[in-house]
């Protein structure tokens, strides 16, 4: 008799969900989501993310209940929760999606694999993005991505044979409150769940994508001109395959050439999403250490303690009081809302890395907590790319003054988020821009000219660089390309 637990992680939907589709064929099934203390205590976690997760679980629970499958939401370490359920349910199989997550989730998965082996539970994982496990190099990666994304989407199962003794009605109010998880409150969050994701997708494909390629750079236009689907992909309320296929269909069906142009730009960025996640899958250590080891020791905080002046600069950056109004406006919007458009994210990291000469790890942790759409693979790859420590990407230094002139020429955005700008209450610039950037360029370009750095860049390019994938080039001789700007979690 096949008795299965479907373990939900960052895949909070019923459509295009391979573990669910397979569970519908089993003799008895349970659905499980684990709220893990390791996540709640991690330096990337924020109450906003926890609150949004709980909002996503409500429609998921209801959609599963309508199909006769109870969703158990348990709080605890994964192995302990699974062991308890094994005693209650005597499961023979565990189904889940693969996950490319931060270090704590990687260690968790290894512990679960050991527990399953020791207790005779067959754990089957399915891919849900273009990330390929145990990839040797990037040859053929783009073709495999396309093959996965073009495969038919799986419909939501019609019904399940639920495990005896786990009545759906008894679990109708089983979600914990935010306070029970140790958080007194959280900022407001957008609508959550699979239906909310599909509504956003429909509005984007149906017209919001007009002018997308221009709108995604400016904080004035990106709020409505971007898809705003990044948090839904991060929590899996919409599958990448569903998004890809819906976008391709919309391009084919529209007679509006401008809309099709915007949608084609968006479609290309979906490949970027998985391209960056693949880097963390291939090399999990980039969450903590430099891609290019020749960059080790380049900045304070890389193997050493931050000095008081660096701490002060970091704090000013986090609080949006650097004296650079575009930087401060962007940081304040992000802290208040949990979202910021891609170019302004890149500018924030560039400013921390080059103007303030801060190592990427602590700014990266602060940003990870603020982003509702935090996606570890994209985040840490981009933190390093924008900080100049990958060894292969073009050094990209953003001028806050130029960004303001280009994307907020009337000062509307700055006035909205930094109302004290222009008064005595607003601080002077925390650094002199010209001298700070001259020093940063001298250190980084000097480092990249060494034989050791060139040799290492070749090895990094072989392992992590794109291969005829429709992606912009990378490498020591790469030229500037618009797509290479990226963005921490919101590539689109």
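Set side by side, the residues 174, 163 differ, and just one is surrounded by fewer than 14 Cβ atoms within 10 Å (Cβ to Cβ), outside the structural domain of residue 48 (by TED's automatic domain parsing) and in contact with a strand residue (DSSP E or B) (Cβ under 7 Å, 6 or more places away or on another chain), which is 174.
Put simply, of 353, 404, 346 the only residue that is more than 22 Å from the chain's Cα centre (by Cα) and either outside the structural domain of residue 230 (by TED's automatic domain parsing) or modelled with pLDDT under 95 (or both) is 404.
Before we move on, is residue 452 surrounded by 14 or more Cβ atoms within 10 Å (Cβ to Cβ) and part of a helix (DSSP H, G or I)?
Working: surrounded by 14 or more Cβ atoms within 10 Å (Cβ to Cβ): no; part of a helix (DSSP H, G or I): yes.
It is false that residue 452 is surrounded by 14 or more Cβ atoms within 10 Å (Cβ to Cβ) and part of a helix (DSSP H, G or I).
Among the candidates 142, 174, 170, 163, single out the residue that is touching a helix residue (DSSP H, G or I) at 6+ places or on another chain (Cβ under 6 Å), more than 16 Å from residue 15 (Cα to Cα) and modelled with pLDDT under 95.
Exactly one residue qualifies, and that residue is 163.
All told, residue 416 meets the bar of being farther than 17 Å from residue 298 by Cβ and surrounded by fewer than 17 Cβ atoms within 10 Å (Cβ to Cβ).
For segment 22-47, name all the residues that are assigned to a loop (DSSP other than H, G, I, E, B) and either crowded, with 19+ Cβ neighbours inside 10 Å or touching a residue at least 40 places away in the same chain (Cβ under 8 Å) (or both).
Taking segment 22-47 as the starting set, the residues that turn out to be assigned to a loop (DSSP other than H, G, I, E, B) are 24-27, 36, 41-46.
Scanning segment 22-47 gives 24, 26, 27, 36, 42, 43, 44, 45, 46.
Taking the residues in segment 58-99 that are within 24 Å of the chain's Cα centre (by Cα) and either under 18 Å from residue 160 (Cβ atoms) or assigned by TED's automatic domain parsing to the domain that holds residue 373 (or both) as candidates, determine which candidate is surrounded by the fewest Cβ atoms within 10 Å (Cβ to Cβ). That would be 73. Criterion applied to 396, 313 was being out of contact with any strand residue (DSSP E or B) (no Cβ under 7 Å at 6 or more places or on another chain) and not in a helix (DSSP H, G or I), and the one residue passing it is 396.
Give 336, 316, 329 a once-over and let me know the one that is modelled with pLDDT of 95 or more, closer than 27 Å to residue 428 by Cβ and surrounded by 22 or more Cβ atoms within 10 Å (Cβ to Cβ).
Working: 336 fails: surrounded by 22 or more Cβ atoms within 10 Å (Cβ to Cβ); 316 fails: surrounded by 22 or more Cβ atoms within 10 Å (Cβ to Cβ).
After ruling out the rest, the residue left standing is 329.
Restricting attention to segment 12-25, does a residue exist that is modelled with pLDDT of 95 or more, in the same structural domain as residue 67 (by TED's automatic domain parsing) and farther than 25 Å from residue 245 by Cα? Scanning segment 12-25 turns up at least one residue that is modelled with pLDDT of 95 or more, in the same structural domain as residue 67 (by TED's automatic domain parsing) and farther than 25 Å from residue 245 by Cα. Which of the residues spanning segment 287-310 are part of a helix (DSSP H, G or I) and either at pLDDT 95 or above or buried (at least 16 other Cβ atoms within 10 Å of the Cβ) (or both)? Passing the criteria: 287, 294, 295, 310. Annotation note: of 459, 424, 434, 438, the sole residue that is surrounded by fewer than 14 Cβ atoms within 10 Å (Cβ to Cβ), free of Cβ contacts under 8 Å to residues at least 60 places away in the same chain and assigned to a loop (DSSP other than H, G, I, E, B) is 424.
Among the residues in segment 130-148, are any in contact (Cβ under 8 Å) with a residue 12 or more places away in the chain and touching a strand residue (DSSP E or B) at 6+ places or on another chain (Cβ under 9 Å)? Scanning segment 130-148, I find at least one residue that is in contact (Cβ under 8 Å) with a residue 12 or more places away in the chain and touching a strand residue (DSSP E or B) at 6+ places or on another chain (Cβ under 9 Å), so the answer is yes.
Hey, any hits in segment 261-270 for a residue that's closer than 30 Å to residue 208 by Cβ, assigned by TED's automatic domain parsing to the domain that holds residue 454 and within 23 Å of the chain's Cα centre (by Cα)? Steps first, please.
Of segment 261-270, the ones closer than 30 Å to residue 208 by Cβ are 261-270.
Adding the requirement that they be assigned by TED's automatic domain parsing to the domain that holds residue 454 leaves none.
There is no residue in segment 261-270 that is closer than 30 Å to residue 208 by Cβ, assigned by TED's automatic domain parsing to the domain that holds residue 454 and within 23 Å of the chain's Cα centre (by Cα).
The values are calculated or read from the model by the stated rules, or taken from the named source; none is laboratory data. None of the values given here were measured: they were computed from a predicted structure. Positions of Cβ are generated from backbone atoms using ideal geometry, with glycine treated the same way; all protein chains shown enter the neighbour counts.
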